[in-house]
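In what follows, a single structure is set out as structure tokens and then discussed.
The values are calculated or read from the model by the stated rules, or taken from the named source; none is laboratory data. Please read these numbers as outputs of a predicted model, since none were measured by experiment. When we count neighbours, we look across all protein chains shown, and the Cβ atoms used for this are built from the backbone with ideal geometry, even at glycine.
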């Protein structure tokens, strides 16, 4: 609807909204000149925002209301036509989500010359669906061949299932797996006229796969395709894919961004005017706004206001937290690298890792050169690593069951160290062949090191590794034993 066709009342609201957006754009420009930590702490929640709209609250409020009331029919008409910003219904937009989304858009866009935006989702898996499905809903495959997309096979188990089962098997959209993600010719060979996007995860969970991000982005753009990157493990504290040519970034906000473990959240962040030869202009112009206003409006994978603010609060100390976790993980990886019961340690920070040099070109602690403690660029490699235990699956389970301080769970990125055996948990459903393709053997333990002193994590690993040849003392809850006593069992 053009301005010329608007009633005077609606036009008045549109003009007021345009002026408010002009002032907000000025605030975004001012915030982009700030350092990463300042953006994480403040975002767009300014003093004027607080005083004008939020009763002077210095912390972003949790707006638990499901919908917004309007002053009159003119304002409602303008809002529901998306001519003015609106909180019409929390399935579509909410002030708490607005503050959260703008912080994440600014953090992922830190150092990027263009503009960015963000759409929050209820989980990381909802973010992956939201980021990929629109490209698979436009047009159809040509020349008698199915629509397809190209993705690295070294991805989180849930991602593998969504691609291999929900999209490929159920919808007939072919997923073309790249097995050697460092091989640029393999990427190129998978692309044809029916390819819709390229997808990768950096670093990969759990195997620490890595590839030349800028080179793959160049391949994607040469074919007029968007590159989508899952940046969950690295987070914008270590890697900002948009700066290296990616078009869309996915975050399972539940993980590295929010170490508390209080809630689940996801996000899709994208550069404005992304590359896509077949998509409509409104999709390319502002992809997160497109999915928020259209497919996600109808499908409803929205984030709750409570989880938005809990996540936002966790993100305020992201840089220092990721620095601490990374330093702790390096200490643990160095210890495990020399342990006689360990077959292999996968951690990009170790100089012996075959992808160490490549990862070191991309993974840097943001703003380390402006930090008085460092004063220069510093490589950091994140909190996730994996260890392969000698003796196969049985020995691996004995070690895993012997952990006393490291938590056995499928979570990651927590302030508490957490471990899992992916072959029996996160990657169980993709089957033996899928795990072989992704290099997830049964003797692999994924370990995410948290904020404890690394000496205590190392001590727990050391005593657990001793369980390979010894016995494990298991404390059995009262509900499962006589008197709740511990019992000694052979290592399982």
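Remarks
- For the stretch 432-460, the set of residues classified as closer than 17 Å to residue 159 by Cβ and touching a helix residue (DSSP H, G or I) at 6+ places or on another chain (Cβ under 8 Å) consists of 434, 435, 438, 440, 446, listed by residue number.
- Those residues of the stretch 167-190 which are assigned to a helix (DSSP H, G or I) and touching a helix residue (DSSP H, G or I) at 6+ places or on another chain (Cβ under 8 Å), in sequence order: 167, 171, 184, 187, 188
- Hits in the stretch 359-392 (condition: under 20 Å from residue 205 (Cβ atoms) and more than 21 Å from the chain's Cα centre (by Cα)): 387, 388, 389
- Positions within the stretch 399-416 being surrounded by 23 or more Cβ atoms within 10 Å (Cβ to Cβ) and touching a helix residue (DSSP H, G or I) at 6+ places or on another chain (Cβ under 7 Å), in sequence order: 399, 402, 406
- From the options 445, 424, residue that is crowded, with 21+ Cβ neighbours inside 10 Å and either over 20 Å from residue 258 (Cα atoms) or over 23 Å from the mean Cα position of the chain (by Cα) (or both): 445
- Put simply, of 112, 100, 135 the only residue that is assigned to a loop (DSSP other than H, G, I, E, B) and either at pLDDT 95 or above or outside the structural domain of residue 226 (by TED's automatic domain parsing) (or both) is 112.
- Residue within the stretch 430-449 that is in a helix (DSSP H, G or I), in the same structural domain as residue 395 (by TED's automatic domain parsing), more than 18 Å from residue 381 (Cβ to Cβ) and in contact with a strand residue (DSSP E or B) (Cβ under 6 Å, 6 or more places away or on another chain) present: no
- Residue match in the stretch 61-71 (condition: crowded, with 20+ Cβ neighbours inside 10 Å, over 22 Å from residue 316 (Cα atoms) and outside the structural domain of residue 303 (by TED's automatic domain parsing)): no
- The listed residues are 208, 251, and the only one of them that is buried (at least 24 other Cβ atoms within 10 Å of the Cβ), in contact with a strand residue (DSSP E or B) (Cβ under 8 Å, 6 or more places away or on another chain) and modelled with pLDDT of 95 or more turns out to be 251.
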